[in-house]
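Written below as structure tokens is the structure these notes are about.
Computed from the coordinates by the stated procedures, all read-outs in this text should not be read as laboratory data. These numbers come from a predicted model, not from an experiment. Here the Cβ positions follow ideal geometry from the backbone for every residue, glycine too, while neighbour counts run over all protein chains shown.
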Amino acid sequence: MSAPEDAGRKSNNHGTRRVLHITFVVLGFFLLWQTVVDAARIPEYLLPAPSAIFAEIGSAPNWYLMHVARTVGATLLGFSAALVVGYIAAVAIVYSRILEDTLFTLLIAMNSVPKVALAPIFIIWMGTGLSSKVAISVLIALFAIVVDTVLGLRSVDPDAVDLFRAMRGGRFQTLLWLRAPNALPYLFSGMKLAISLALVGAISGEFIASQAGLGYVILASQGAFQTTRVFAAVVLLGVIGTILFLIIDQTERFFCPWHISHRGRHRGQAAR
């Protein structure tokens, strides 16, 4: 068997093991939850059992799917916009001392303000539609992208930079062929955090003013004391967040197989 085939087989085996591990952990968690609720006879209005929650989701799958699609759509749009704007801002900060002193400081100040306090302002400016939820997601997710990307763009071996200069490489060539590849692991690290923050932003916007989305489901159901429906929306949020995180993690493995974190992990698995 050739080396690429062996590497691909090991990667597939690792992916299968990881899915099994996650499945066992999730099933174990829900089994423990079900056992505790049944043994303690906890009323459903306080803590519904997983069986009741899944029955609730199964009773109206299309209705839940519609709200899931609305929340996921706002999350992905906000995350994508934060990724593009954040990367451009990070490059500008790295190459401009003025922007480092102004834009970076502004981002730090904005990140220090509780986003829930800013959400009503976006509702006033943009209305109760999708755009306000996307804007809140961008605002929350942007800082993680900028900080990690700036760190990655700056964490370049000075000798490599000197080599590019000696070969008459300009700023664009240095960015394209040296700094950007070096920043990829840092960028993906920021993306993993940003996708969760974008989901939080979308839910925050739906809490303030919305007629659709899982945040709206939680708020409306809480007001009607429909605890099982609240937990159903929370479980769906957990599933969505986990799936989005794993998608980015797998994308990182595809684009950065050379990074020490992945190489070290594969060697550890091979040793076992």
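A few points about this structure:
- Considering helices alone, the calculated mean residue ellipticity of the chain at 222 nm is -29000 deg cm²/dmol, with DSSP H runs of length four and up weighted by -39500 (n - 2.57) and normalised per residue.
- The chain: DSSP helices with Cα axial extent of at least 24 Å and average Kyte-Doolittle hydropathy no lower than 0.5: 61-95, 130-154, 180-208, 227-255
- Per-selection Rg to Rh, the chain - Cα, Kirkwood hydrodynamic radius: 1.05
- Dipole of segment 142-252 [Lys/Arg +1, Asp/Glu -1 at C-beta], most positive-end residue of ALA209, GLN173, SER189: GLN173
- Quarter of Cα convex hull surface for segment 107-160, i.e. mean projection, nm²: 4.6
- Projecting label points 7 angstrom from Cα along Cα→Cβ for VAL25 and PHE225 puts them 3.7 nm apart.
- Taking Cβ atoms as reference points and 15 Å as the exclusive limit, the residues near TYR45 contribute a net charge of 0, counting Lys and Arg as +1 and Asp and Glu as -1.
- Stretchable slack from TRP177 to VAL84, in nm (0.36 nm times residue separation minus alpha-carbon distance): 31.6 nm
- Environment charge of GLN250, counting only residues whose C-beta is closer than 13 Å and scoring Lys/Arg +1, Asp/Glu -1: +1
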